[in-house]
Amino acid sequence: MVNHRRLASPSSDLRSFLVLACVVLLSVLSASGCKSHSHTSDSRLQKIDQMLNTQLPPGTPMSRVDHFLKSRGYIVEDSPDKDSLVAVVRHVDTDTLQPATARVTFHFDSNRNLISYELQSAPDAPLHP
C-alpha cells in the first residue's frame, strides 16, 4: 500500500494567508469605523454630543456655530478668550423624556474655524415657555 501525503501547494498557502489578512484588515477597519468621537463620558450628555458632532463638525466657521446656538435658543455666555465660544445647551431625550443640560466650550483656530469642543454637565433649570 502506498501512502500518499498531500502537500499543500504554495498557491493554497498564499490563498489562506490572503484570506486571513483580509479578515484581520476588515476587523481593524470595523473597529476604527465604530470608534466614538465622544467628548464626554457622562451618559446623560451623549445625545447632546451626538447632535453637536453631526451639526457642527470640525472646520465649521465660528459664525455658523454662533448662529446654530442662537437660532435654537441656547444661551451663549461670555467666553474666556476670542478663540472660544461658551454656550448652555439643553436637550430633552425623546426616548426617556429626561432633560440634560451641558455647558459647552467651543475652541476655534486663528481662522475662526471650529477645532473641538468640551462638554460639562450643568444644572437642569426649569423650562421657560
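Which residues, taken from the range 104-117, are within 17 Å of the chain's Cα centre (by Cα) and surrounded by fewer than 20 Cβ atoms within 10 Å (Cβ to Cβ)?
Selection gives 105, 107, 115, 116.
Among what's in the range 48-80 and is charged (D, E, K, R) and closer than 17 Å to residue 103 by Cα, pick the residue that is modelled with the lowest pLDDT.
78
Kindly evaluate residue 83 against the criterion of being open to solvent by 30 Å² or more (accessible area, probe 1.4 Å), in contact with a His (Cβ under 7 Å, 6 or more places away or on another chain) and not basic (Lys, Arg).
The answer is yes for residue 83.
In the range 54-100, how many residues are over 18 Å from residue 115 (Cβ atoms), touching a residue at least 40 places away in the same chain (Cβ under 8 Å) and part of a loop (DSSP other than H, G, I, E, B)?
So the count comes out to 2.
Given the conditions (1) modelled with pLDDT of 90 or more; (2) among the basic types (Lys, Arg); (3) surrounded by 13 or more Cβ atoms within 10 Å (Cβ to Cβ), which single one is not true for residue 44?
(1)
Go through the residues of the range 23-39 one by one and say whether even a single one is modelled with pLDDT under 90, open to solvent by less than 70 Å² (accessible area, probe 1.4 Å) and in a loop (DSSP other than H, G, I, E, B).
Yes, because at least one residue in the range 23-39 is modelled with pLDDT under 90, open to solvent by less than 70 Å² (accessible area, probe 1.4 Å) and in a loop (DSSP other than H, G, I, E, B).
The values are calculated or read from the model by the stated rules, or taken from the named source; none is laboratory data. Small disclaimer: the values here were computed from a predicted structure and weren't measured. Please note: Cβ atoms are built from the backbone with ideal geometry, for glycine as well, and neighbour counts cover all protein chains shown. Areas reflect the complete protein model, heavy atoms only, side chains present, ligands, DNA and RNA absent. Shrake-Rupley method; radii C 1.70, N 1.55, O 1.52, S 1.80 Å.
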